Every structure is written in structure tokens, then in C-alpha cells.
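Visitor: This structure is in C-alpha cells; I'll ask about it shortly.
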Amino acid sequence: MELDHINPAVMRDEGDQLESYHDETPLAASDDDTLLRSTSIDDPVDDDTPRQYPWMQRVSDNIPSPLKRISRAVVTWAKGPQPPRIYKIEPFFPSIQHAPLVLLDRYAPKKMQRFWLLFVFYICWILSFALILHKSSFAADVQDYGSPVRLGCTARYWNDGNGCGINGDQCRPFSNASLPFRCPAGCIKTQVLFPHAVGDQEVVYKPLVIGGPTNKSEPISSTVYRGDSFICGSAIHAGFIKSEQGGCGVLKLTGDRHFFPSVKQHGIDSIGFESYFPQSFQFVEGTQSQCKDLRWPLLAVSVFFTAMLSIFTTSPAVFFWSIFVGLFFQTGLASDPPNLTDYYSLISTALGRFLPAAFVMAIIYRYAVRYSLTGLTAQFEKTILWLGAAWVGALNNYTFDRIPIQRLTPHDIKAQPGAIPALISIVLIIFFIALGQAYAFRVEGRMPRYLVVYGLFVGGILLLVAVPGMSLRIHHYILAILLLPGTSFQNRPSLLYQGLLCGLFINGIARWGFDSILQTPGELLSDAPQNTMLPPVLPPVVGANNITFTLGPVPPAHPKKNTPTYDGISILVNDVERFRGYADYDAEGLWESDGTRQWTWQRHDGELPEYFRFAYMAGNGVGDYTKAGSWLTNGTWIPMKGGPS
């Protein structure tokens, strides 16, 4: 690397000239740098020989001489060069990058002038953001239907399993009802993350949209969807709204339907279901209102103001806190908001998460960000590397959504196609970045202290892994907190990594909040199979229009295996609960002495197949359902395959 000019800012008081390298090549530590870093965990390493106690001398005498020499060499290497050399970025094309600062010095040289200029800047930013946000979020009423209900991308009428109760009564009405709704942008990407049963099919990693148009010449009026479909995904599939802008409209419940076709259109391949379901819905033609999700115009406003601030300020505090606040509310209110039906609740949630997030960021700023930004005058490089990377991280739902890893849990990584190669690639990238950052710590003489810090991090994680009955989950906001201390340098790679990690932290908190690093297996499984015991199903007795199953016996509790106390059986027919019986309550006298009972189902429609799934119950709780067994129209019974659905 070529030797650059001597920089007076990094000369010792005695007048000794220290070497200075172009770009982020480390500079020898000046008095100012030493004073700055002595207030943090990076206090200067004391090179004095430690006091030798008698027991230490005895231990030292028993260590072989070659091992002593190796350990001393390792310690000397880890301490780095003496004196330490501090990284400092020298801007490319300094006349261009300093031009905004020269312009500011010319027209607003005084502090008070700059204060009022910044105040007016903030007012313009807040007003622009608030006006567009209000227009985007508070839509006008849909004519004749009132104010639309704000839906999330996963909103639907029907609950999974037996969540709607016997015959679906808890999810009524099935028909003769309407709903004015509002969908956000981007719902085309929302998928089912765990296997979801639709008759004898299992749907995973695709939008839950069941049905479609039966007559393409009438794309809206002939389009019908099953009641458990994603409403917003169905509206996109029908061409009723556009995913890029979201939209408003009205749907109506149309009751029992007997056929739901599989149709690929508008970027969604819907799921077919050739039997009946008690609840369905259609979209009311002509009710699309002009409401739009204006997250992209809002993003343009936020990017413009953050970029202008980055170019014209050298203050680390003004830059960092302005960017943090702007990115947080852009993410939490527009780009990736939580799924809440009321916008006032959304604002309340964002404000509730903001204060603790700001506290965490204050610590990160104190011990990491401040050192990267102090004295940095490469205005355009800072804007591109730090701010640009921060926006990439904050827009995680768009920038990293194609990486096939939804959650860092063993179940998700094993189940999702491509997750293991993606995880290996990410780990390797982080590993090589960590090597580069470790070298930078050594050059600045801070490796020993940061080895201790990250040793404590690793030890804490291992302790959490050892907690019985809980599972470790590294959310991306936790990953950002763990890695940000390793970016406290003023070099170009650290600017990039630091901005990206700050953006990931903001996205994680604004969207999901401070989820626990330790979670119960039930919280991690969510809608995934619980790996509970499945009822054995004997071959049924098939009649002309009915089918009879032998149920039970209900298994006893097993103390050593910590199994629940099952006391009943639930049966789904076409994904609707049609039977729930408890062995300890036999008012009708149907349970035999051996713990079994008969259950007969009358065929609903002789021209349609029916699908049966079975599960044990423990009180009101239900275990995993079996895969579906099929009763075909010709009377043939096809047994279910092994495993849960």
C-alpha cells in the first residue's frame, strides 16, 4: 500500500511523525484517539509485567519451556503492533466529498444557524412523512359499506384444526355477510410455513389460496375461495387488488360450495379442492376503492431526507439518531408493520417498542458506532456504505426474503428446501468477515479485550442452550446486537457491516418486538406438528351411504414419557370438526367396556369424495391429526399414510 502524506492530526505532542496510510490503513494512535478509546471497553492494554505470586511461579515452573515460548508468542501477537495503529478513512476524491461541508460553512457558518437549519429540516421531514402516511393509512369509506377493516396478509375466516368447533359453529356466519377490507402491499409473498392439510393434500411454502374462477370470462363474479384461504392473497389471485399497492374492497360470504378449482394467475398458483366446504367467499365487483398502500412513496421520502442529512452532517450523534428514528418509524408504520387491524394500535405498538430499542441503540452507539463515525468526512462514502446498508437491513422483508430461511430453528432449517445450503453459505460469510474484523482488532491493539467480550457472549449462549425445557432462538435483532461490537472501526468494511446490522436490528424490533431468546417448544412449533401420539384407525365398515369407524381406546398417561392425559377423540371431515367424544363422559352409553366405541358418518353428497382425519384430545386441547384417509365416490376407502398432517 502506498505511503501517503504525513497527517498533522495524528502526530504526537513531542513532534514525532507517525506513518499514515491512504484509505482505511491504520494510523498510529494519537493522544485524542487514546483518550476517546480509554472511556470504553477498549482501555489501553497495560504492558507492565504482572505481579508474580508464589503459586503462579510454581505453576510457571511446571510448564514446559516450548509451551511457554509458544504462549508468549501468541500473547505478543494478539496484543498487536506497539504502538497500536488506529484505522481512519481518507476520502476518495476529497474535493467532491467535502463539497457539501464547504457549502454549509459558507452559508451557515455559525452553530445557531445550523441549529435552525436542522430544525426546519426535521419539520419538513416530519410533515412530508405524516401527510403521506395519513393518506396511505386512513382510507375513505367504501361506498355503502363503511370504513374498511385493516387486514394482515395472513388474515382469514377459518381456524386450523378444530379451532372453529363442532361443525364450524364458532366461525359463523357462513353466508349472508359482507366485510369491507383493506390489504397492505406485498401479500403475494406470504406463504404457509408449516404443512397445512387441504383434504388429502399438504400445502407448504406457498400462499394459502384455495379456489379461483370457474369462468374466466367473468373473473370476479365467478371466483370463489374456500373460507380458510388468505383473504388478501385471494384478492390478488382474483385480480381484485394489486400486490404492489394493496387496496380496499368488499367481500361477501357465500356459504357451502362444492368445488374449488386450482388456477394459476396473477403470480399465485391456487390450490384445488374437489369436495365441499361449509364456508366460502367472493369479492363484490365494483367495490374497489382508490385506497393504496403508499409505502413506496413513503420510502422515497425517507430515503431522500436521510441521504441529505448524511451528506451535510459530520456529527455522529445527529447522523445516527436521526437515521435511527427515521428508519424505525418507516419500518414500523409503513415498510414492514405488525399485523394489526387498527392503525391506532399500530402507532401505539411502534411507540411502545421505540423506547427500549433506543436504549439498546444508545449502548451500541456508545461502544461501537461512535468510533466508526467520529472524524469521518467521507460524506458520500458514508452515505453509500453505512446508510445504504442500513436501508438494506431495515427492508429485510424485501432484500433478504428470497433467502430460504424463515426462522433459525432446527425444524425450519430441516423442512425448508434450500435452507441448509443457504445457512452454510451465511455461516461461511460471517466466518470470513469475523477473521477480517479480528485482524483489525489486533492492529488497533484491542484483540485481547474483545476476545474476552466474545468469550462471554459464547459462554452465555452455551448456558442458555443448557436450560432444560427451553429452546434457543437467535432472532435477527439478537444477531445484530452480538455482532455490532465487532464493527467499531473506521474502515470501509466496518461502515458497511455496521449499517447493515443496525438496519437488521431496527427491522427486528419494529416488526416483531423483543421476542425472547429462549422459547418453549410450543412457541417454536407454532402451527407445526407437535409430535404427539396419533390414534390408530382400523379399516372402517363401508355402507351404501355411510361409513363406520371403531374409535379408541384412549391411551393412558405415561409418566416417564411426560405425555398428556388424553381423554377424547376429535374427527375432521373435509377439514371441519364433525365429532368430539370423551371417554370419561358417556351419557349415551356408547363406549364399550374395552374403551372403544362406534361412530358412523352419513355421506354428505354421493358425487363428492370425503376426507377424514383423527386426533386425540386432552380436555380442550387437541394433539396432531393424522393424515387424511379418503372415502371415494365409488365407496372405496383409502387408508391414511403414516405421520401427522
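Visitor: Which helices (runs of 4 or more DSSP H) does region 306-375 wholly contain that include 2 or more residues that are of a type outside the set (V, I, T) and within 20 Å of the chain's Cα centre (by Cα)?
Guide: Those helices (runs of 4 or more DSSP H) span 316-330, 343-364.
Visitor: Picking from L551, L572, L534, L538, which residue would you name as being surrounded by fewer than 16 Cβ atoms within 10 Å (Cβ to Cβ) and modelled with pLDDT of 90 or more?
Guide: Going through L551, L572, L534, L538 in turn, the sole match is L538.
Visitor: Checking I220 against (1) buried (at least 20 other Cβ atoms within 10 Å of the Cβ); (2) more than 23 Å from I413 (Cα to Cα), which test does it fail?
Guide: Just one mismatch for I220, condition (1).
Visitor: Which fully enclosed strands (runs of 3 or more DSSP E) of region 140-215 have 2 or more residues being crowded, with 19+ Cβ neighbours inside 10 Å?
Guide: Hits in region 140-215: 175-183, 196-198, 211-213.
Visitor: Could you list, in sequence order, all residues of region 399-452 that are open to solvent by less than 30 Å² (accessible area, probe 1.4 Å), farther than 17 Å from Q191 by Cα and not acidic (D, E)?
Guide: T409, A422, Q437, A440, F441, V443, G445, R446, M447, Y450
Visitor: Same structure, new question: Among the residues of region 249-262, which ones are open to solvent by 10 Å² or more (accessible area, probe 1.4 Å) and in a loop (DSSP other than H, G, I, E, B)?
Guide: Matches in region 249-262: D256, H258, F259, P261, S262.
Visitor: Restricting attention to region 347-388, and to residues there that are without any contact (Cβ under 8 Å) to a residue 12 or more places away in the chain and not aliphatic (A, V, I, L, M), which single residue is least open to solvent (accessible area, probe 1.4 Å)?
Guide: Among them, the one singled out is G352.
Visitor: Here is a follow-up. Kindly indicate which of G499, G486 is over 15 Å from G393 (Cα atoms) and assigned to a helix (DSSP H, G or I).
Guide: Of G499, G486, the one residue that is over 15 Å from G393 (Cα atoms) and assigned to a helix (DSSP H, G or I) is G486.
Visitor: Sticking with this structure for a sec: Taking the stated definitions as given, is W77 among the aromatic types (F, W, Y) and open to solvent by 80 Å² or more (accessible area, probe 1.4 Å)?
Guide: Answer is yes for this residue.
Visitor: Taking region 542-557 as the search range and keeping residues that are in a strand (DSSP E or B) and not β-branched (V, I, T), which one is farthest from E610 (Cα to Cα)?
Guide: Only one residue fits best here, namely L551.
Visitor: Regarding V458, is this residue closer than 22 Å to S488 by Cα and within 19 Å of the chain's Cα centre (by Cα)?
Guide: Here the answer is no, as V458 does not meet what is asked.
Visitor: Restricting the first residue to region 175-196 and requiring it to be in contact (Cβ under 8 Å) with a residue 24 or more places away in the chain and charged (D, E, K, R), which pairs with a second residue that is in a strand (DSSP E or B) and surrounded by fewer than 19 Cβ atoms within 10 Å (Cβ to Cβ) meet a Cβ separation below 8 Å and a spacing of at least six or different chains?
Guide: Here the result reads R182/V149, each pair linking region 175-196 to a residue that is in a strand (DSSP E or B) and surrounded by fewer than 19 Cβ atoms within 10 Å (Cβ to Cβ).
Visitor: Sticking with this structure for a sec: Filter region 295-344 for residues that are among the small types (G, A, S) and within 29 Å of T190 (Cα to Cα); which is surrounded by the fewest Cβ atoms within 10 Å (Cβ to Cβ)?
Guide: A300
Visitor: Separate question: Please go through region 236-248 and give me each residue that is hydrophobic (A, V, I, L, M, F, W, C), modelled with pLDDT under 95 and outside any loop (DSSP other than H, G, I, E, B), ordered by number.
Guide: Within region 236-248, just C248 meets the criteria.
Visitor: Something else about it: Going through P109, P64, P50 one at a time, which residue ends up being at pLDDT 85 or above and of a type outside the set (V, I, T)?
Guide: P109
Visitor: What's the number of the only condition in (1) free of Cβ contacts under 8 Å to residues at least 12 places away in the same chain; (2) in a helix (DSSP H, G or I) that W391 fails to meet?
Guide: Against the list (1) free of Cβ contacts under 8 Å to residues at least 12 places away in the same chain; (2) in a helix (DSSP H, G or I), W391 comes up short only on (1).
Visitor: Criterion first (touching a residue at least 12 places away in the same chain (Cβ under 8 Å), more than 22 Å from S494 (Cβ to Cβ) and either surrounded by 20 or more Cβ atoms within 10 Å (Cβ to Cβ) or not hydroxyl-bearing (S, T, Y) (or both)) does N396 satisfy it?
Guide: no
Visitor: Next question, about the same structure. Test G459 against the criterion of being on the phi > 0 side of the Ramachandran plot and open to solvent by less than 70 Å² (accessible area, probe 1.4 Å), and give yes or no.
Guide: no
Visitor: Scan region 102-140 for residues that are over 20 Å from T306 (Cα atoms) and in contact (Cβ under 8 Å) with a residue 24 or more places away in the chain and jot them down.
Guide: Result: K135, S136, S137, F138, A139, A140.
Visitor: Kindly provide the set of residues from region 431-482 that are part of a loop (DSSP other than H, G, I, E, B) and in contact (Cβ under 8 Å) with a residue 24 or more places away in the chain, ordered by number.
Guide: Hits for region 431-482 are E444, G445, R446, V467, G469, M470, R473, I474, H475.
Visitor: Mind checking which residues of region 107-139 are part of a loop (DSSP other than H, G, I, E, B) and of a type outside the set (A, V, I, L, M, F, W, C)?
Guide: If the condition is that a residue be part of a loop (DSSP other than H, G, I, E, B) and of a type outside the set (A, V, I, L, M, F, W, C), then P109, K110 are the ones that fit.
Visitor: Here is a follow-up. Inspect region 80-96 for any residue being hydrophobic (A, V, I, L, M, F, W, C), assigned to a helix (DSSP H, G or I) and open to solvent by less than 90 Å² (accessible area, probe 1.4 Å) and give the result as yes or no.
Guide: The answer is no; no qualifying residue exists.
The values are calculated or read from the model by the stated rules, or taken from the named source; none is laboratory data. Small disclaimer: the values here were computed from a predicted structure and weren't measured. Methodologically, a virtual Cβ is constructed for each residue, glycine included, from the backbone with ideal geometry; neighbour enumeration extends over all protein chains shown. The protein model used for the area step is the full one, side chains on, heavy atoms only, and it has no ligands, DNA or RNA in it. Shrake-Rupley method; radii C 1.70, N 1.55, O 1.52, S 1.80 Å.
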